[in-house]
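*Asks:* Right, I'll just put the structure down here and ask away after.
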Amino acid sequence: MKPAMRWLLSAVLAVTTASVVAQAPLNFNDLVGVWNLTYEDGQTGTFTFSKNPDGTPKVVVSTIQGGESVAKEVVIKGDTITITREISVQGLAGSVVYTAKLVEGALKGTGDVKFAEGAGVPAGAPTPFTATRAK
């Protein structure tokens, strides 16, 4: 086989393999444990992934701004996890939707805070975060 053809086949194989790896489904069991959460704006907290007695996913989220609460919804779709929790900040009710992917051993995504309609708080942009497994 000619060197140019060998190089081309190697390149195609590398791209195909990378695509397959990037699309691997996320498994909740791989997340079980405590993860240190750091927002791009400097806020910190934790995700604690475990299972309820019936085997369903349980996530406890703790941040300085939003306190600590159990997520009301945990959804894994393909390589993405979405965690939704209710918060109360200075008497205002709202929710945070965290959306993340596992990238090189870290959860990377955004946290999107939404307050109840009529609360007088303008919608903000989702804030990027990274969560790494606690040692």
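The values are calculated or read from the model by the stated rules, or taken from the named source; none is laboratory data. This is a predicted model, so every value here is computed, not measured. Quick reminder, even Gly has a Cβ in these numbers, built from the backbone with ideal geometry, and neighbours come from all protein chains shown. Quick note on the areas: whole protein, heavy atoms, side chains included, nothing else; ligands and nucleic acids left out. Shrake-Rupley method; radii C 1.70, N 1.55, O 1.52, S 1.80 Å.
*Asks:* What aspartates and glutamates sit close enough to residue 108 to cross-link, taking a C-alpha to C-alpha distance under 17 Å and skipping anything fewer than 8 places away on the same chain?
*Replies:* Excluding near neighbours in sequence, the set is 30, 40, 41, 79.
*Asks:* To continue, here is another question. May I ask you to give the percent of accessible area on region 73-135 that is carbon plus sulfur, with a probe radius of 1.4 Å?
*Replies:* Whole-percent figure for carbon plus sulfur exposure: 55.
*Asks:* Of 92, 31, which has the most accessible area and how do the rest follow, probe 1.4 Å?
*Replies:* Final ranking, largest accessible area leading: 92, 31.
*Asks:* Using the basic label-point model (7 angstrom from Cα toward the beta carbon), what is the residue 103 to residue 27 distance in nanometres?
*Replies:* 2.3 nm
*Asks:* Next question. In nm, to one decimal, how far is the residue 65 label point from the residue 89 one, both placed 7 Å along Cα→Cβ?
*Replies:* 0.4 nm
*Asks:* How high is the relative contact order of region 18-83, in percent, with contacts defined as C-alpha pairs under 8 Å that are six or more residues apart?
*Replies:* For region 18-83, the relative contact order is 29 percent.
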